[in-house]
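Working notes, beginning with the structure itself.
Values quoted throughout were computed directly from the atomic coordinates according to the rules given, and no laboratory measurement underlies them. Predicted model, so just to flag it, every value in this text is computed and none were measured. When we count neighbours, we look across all protein chains shown, and the Cβ atoms used for this are built from the backbone with ideal geometry, even at glycine.
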Amino acid sequence: MVNETLSHFHGGLVLRHHKKASCEQPSKPAGLPDYLVIALKTNRGICPVPTISVGESVLKGQVIAKPEHPMGCYSHAPTSGIVTALDHNPTASQDAISALCVTIQPDGKDQWVEPADQKKPNTREQIVEQIKQAGIIGLGGAGFPTHAKYLQVPDNNTALSRETTLIINGAECEPYISCDERLMLDHPHEIIKGTEWLLKAADANKAIIAIEDNIGGVKKRLSAEIKKQKIPNISVVKVPTIYPTGGEKQLIKVLTGQEVTSGQTPYSLGIIMQNVATAKAVYDAIELQQPLINRVVTVTGESIAEPQNYLALIGTPFSHLLKLAQCKDDVDKLIIGGPMMGYAMPSADIGIDKTTNCLLALPEVCTKPEIESMPCIRCGDCVKVCPQELLPQQLLWYIDGNEQTNDLEKAREHHVFDCIECGACSWVCPSHINLVDFYRFAKSELTYLDIKKAKSELAKQRHDDRLARLDFIKAERQAKRRSKTSKLADKSSAKAEISAVLARIKKQSEEKADE
Amino acid sequence: MNKPYNTSSAPHIPARINVQAVMLWVCLALVPATCAHLYYFGPGILIQMLLATSSAYLFEWWCLTWRKQPIKPFITDLSALVTAWLFVLCISPIAPWYVAVVGMFFAIVVAKHLYGGLGNNIFNPAMVAFAVILIAFPQSMSLWLPPSGLMDAVSSINQHSLNLTELFFLIFNGSASTPIDAVTAATPLAAIQTGLQQNYSLSEVIENPIFGNYGGLGWEWIANWLFIGGVVLMYKKIITWHIPAAVLMTTIAASTPFYLFNNDVFMSPQQHVFSGGIMLAAFFIATDPSSGCSSFKGKIIFGAGVAILTVLIRNFGSFPDGVAFAVLLMNMSAPLIDRLTIPNPYGKKPKID
């Protein structure tokens, strides 16, 4: 499945890394903040049902929300304390969208809940179930529920002898972010162990840990750990540092030379991909029986005096981490994620969620563009860098052209839905057009129009069905009447009919008399 | 810390380049060829530059005001300078003053702003201007100066006697102290055409000393410098290799059969490549992004089309050079080519089984 020689994806960017500053020291614990705001909703918009109420005290690791939907995920209390609120708050996601959050006031004891005394899982199903119970979602950024990836694996996978490859994604291609690199340096043992469990869950033959070729020391450390644990089917592969090589589709192309068919999951190629931090979370869940309640977050940027990776509890407010890293007060943008795809947050009171890999605080000198956006000159720089091989400037023409050119359907024809929103086009645009914004708009607008169209089509179908039904009833009635009149036209049958009616009346009147 | 943070969307770090820098690089890439022009054909180009640039900016400013567009970003984007510069490299250094003014009117007002301004032009503004001039003032386009190496051979009067003052008179007044015919010479392509019309064979025509080793004397060096400027643009990633390669290769490929068929009538491939506007078109005109194709396949088709049309017009048309018309015709076809060459994105490649 995986080629000896690496392939490459189209386009991409070579960016300045800015990673060194935050990655020099091992990650430090962020400690207990004054309060924790835990968003229940996952990135996929599915909200689990809270199992606690305001005023209740919770223990560390206690389930605070249970999913109803198969794609939902569990939430656990990151520390012991009292639930002080269960309400809507801005969350660490795109546009800081408001969602149901649990606010916990820590009591400082950090007391664990009684462990459920789970045995080490033996079967695939048990592993997947434990992953689900631990509330693990993809920690790389997209936040896809981890257990759901393994539901695709058929039970008779071994019988089918289908080759499956597990790719552990350690390619952090966005500048500034170093949490995965730090994790691989600090916890190689846990990552390799977690990978071993995932191998079992995926029924996979081998695992590849992909890392970027610019991070020193990581390959050595992981390889030594693999040797120590004697797991020959895990290998570490260095991939060229080209943004966005850490994107799922791009990494698969680099490692295998194959492309995931549009609209399908990597499993169609026999590939399951997980982030390194997810592998570590799986280790915690199975070996230590600890649910996912913390993660490594990079706190960095030109406004941060001491860039550092922190092991922070889920729900830790940004402000707590910024204070630890000695944030200056010249922050213009506070970004979760990296500078290419991250979301700028309106305030520092929001709590981190499971997918928050980086807090990037940038002063105005780093963010301000030197000129406002200009019209597209169709230079084609965006075409050159697009890792999905789209025509970004054509898309813009159809989305934000003039009245004659605007046509979202044309944008669909030009594959707007294959855009991965990596921001490479926006970054290279000499006219400084925020192209990705337009594609996001087009995607949501098209999705909305599709739903609307489906609805109206359904309504039209119902209306047509109703008309057909009425017509049918009418026709039936007419047919009945016609058969009656035709019967009366014939004299003998008319007589028989009349006598039958008379007999019926007579019978009825007799019955009445009897009463 | 209390003021709300800036929440504009990603990317959060500034872009690597801007429109102004792109245009500036195009101008810089034109400098060597312009110097060569200056060396071979005298300071006339400087006067034309001044004329074209000032009228271009005047029209640009007027159009922006009239269209109620922000003046500063568009005036400083240098695109009008690029248009004027490309136009000047096409016209005769002794063309009368109104040539540059009329040309820039059509380039900036008609080709650019009537179509919606920067980035929205369907036709390359410099080529629109040049085509208009070719049709409206054919006379002025046929009057070129002989290259400086020929001062004694071609005209009885030394070309260098045409000093700046005389050039000014020639351009603004239409007259000079010396008779015009005495100081002018035809362009190589025009010489070939008139020569052929007078039933000379091509080999006889190119014995004329205005021809050099492989193109026109002087012209071939301007073409070389344009090539070098173009390579710089490719190195700076302002243009891709697709269009220049397609134009040059196709010019050679399309002219070779004609040449082999009858080299008395049809020019040799190197004559084609190093004469007239083909080198300028390959690197600076056909690569104009707004009026060209955007996909890589489309760019190659576009470049090839420009080359084929140019060769056909040169060989069979009534104009000595056909680059301007070829570019304009291909500009028209660009949207169609783009529609037919939408690349298959990642994950939508046709399966080869």
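Some notes on this structure:
- Straight Cα distances below 16 angstrom link B:Lys236 to the aspartates and glutamates A:Asp381, B:Asp288, with same-chain residues fewer than 8 positions distant left out.
- Computed from the Cβ-Cβ distance with R0 of 60 Å, the FRET efficiency linking B:Thr76 to A:Ala85 stands at 0.70.
- For A:Lys453, the lysines whose Cα falls under 23 Å of its own Cα, not counting residues fewer than eight places away in the same chain, are A:Lys410, A:Lys443.
- Calculated FRET efficiency for the pair A:Glu125/B:Asn263, C-beta based, R₀ 60 Å, to 0.05: 0.15
- Projecting the Cα atoms of A:Gln308, A:Thr241, A:Gln94 onto the charge dipole of the protein assembly as shown, computed from C-beta unit charges around the Cα centre, puts A:Gln94 farthest toward the positive end.
- In nm, spacing of pseudo-spin labels at B:Leu24 and A:Ala500 (7 Å Cα→C-beta vector): 10.1 nm
- Farthest toward the positive end of the dipole of the range A:151-295, out of A:Gly257, A:Ser268, A:Tyr176, is the Cα of A:Gly257, where the dipole comes from beta carbon charges about the Cα centre.
- The modelled label-to-label distance for the pair A:Val113/A:Val49, using points 7 Å beyond Cα in the direction of Cβ, is 1.6 nm.
- Rounded tilt (10° steps) of A:218-229 against the dominant C-alpha axis of chain A: 80 degrees
- Between helix A:124-133 and chain A: long-axis angle, C-alpha atoms, 0 to 90°, nearest 10: 80 degrees
- Over the range B:219-339, the fraction of Cα-Cα pairs per 10 Å bin, rounded to whole percents and listed from the shortest bin up, is 15, 47, 31, 6, 0.
- Normalised contact order of chain A, rounded percent, pairs of Cα under 8 Å and 6 or more residues apart: 17 percent
- Computed about the Cα centre, the dipole magnitude for the protein assembly as shown is approximately 2920 debye when only Lys and Arg (+1) and Asp and Glu (-1) carry charge, each at its Cβ.
- Greater than 27 Å apart at Cα, pairs in A:Lys28/A:Lys219; B:Lys68/B:Lys297; A:Lys149/A:Lys384; A:Lys19/A:Lys323: B:Lys68/B:Lys297; A:Lys149/A:Lys384
- Ranked B:Val128, A:Val58, criterion: other C-beta atoms within 10 Å, fewest first: A:Val58, B:Val128
- Length gained on full extension, A:Glu364 to A:Gln152, computed as 0.36 nm times the residue gap minus the Cα-Cα distance: 71.7 nm.
- Within the range A:371-515: Cβ-based charge dipole about Cα centre, in debye rounded to nearest 20 (Lys, Arg +1; Asp, Glu -1): 1820 debye
- When the alpha carbon gyration tensor of the range A:373-485 is reduced to an equivalent ellipsoid, its three semi-axes come out at 52, 12, 10 angstrom, largest first.
- Chain B, relative contact order in percent, only Cα pairs under 8 angstrom and at least six apart counted: 17 percent
- 17 Å Cα-Cα reach of A:Lys495 towards lysines, excluding residues that sit fewer than 8 places from it in its own chain: A:Lys484, A:Lys487, A:Lys506
- Bridge orientation summary for the protein assembly as shown: considering DSSP beta bridges with both residues in this region, about 65 percent are antiparallel.
- For the peptides B:38-50, B:259-271, A:444-456, A:298-310, the ranking by packing is A:298-310, B:38-50, B:259-271, A:444-456, with the highest mean count of neighbouring Cβ atoms within 10 Å listed first.
- FRET efficiency for the pair B:Phe172 and B:Tyr115, taken as 1/(1 + (r/R0)^6) with r the Cβ-Cβ distance and R0 = 35 Å, rounds to 0.65.
- Around the Cα centre of the range B:219-339, unit charges on the Cβ atoms of Lys, Arg, Asp and Glu (plus for the first two, minus for the last two) sum to a dipole of about 400 debye.
- For chain A, the longest principal axis of the C-alpha atoms and the axis of helix A:491-514 are separated by about 80°.
- Quotient of the Cα radius of gyration of chain A and 2.2 N^0.38 Å, N being its number of residues: 1.31.
- Principal axes of the range A:224-288: Cα extent on each, largest first, Å: 38, 25, 22
- Virtual spin-label span in nm between A:Glu413 and B:Gln139, 7 Å along Cα→Cβ: 5.0 nm
- The protein assembly as shown, Rg to Rh (Cα coordinates; Rh as Kirkwood inverse mean 1/r): 1.15
- Spherically averaged projected area of chain B from its Cα convex hull (nm²): 23.4 nm²
- Selection among A:Ile293, B:Asn262, A:Cys419 by position relative to the dipole of the protein assembly as shown gives A:Ile293 as farthest towards the positive end (Cβ unit charges, Cα centre).
- When each full DSSP H helix of chain B is screened for a Cα extent of at least 20 Å along its own axis and an average Kyte-Doolittle hydropathy of at least 1.0, the helices passing are B:19-41, B:44-66, B:219-235, B:242-261, B:296-316, B:323-340.
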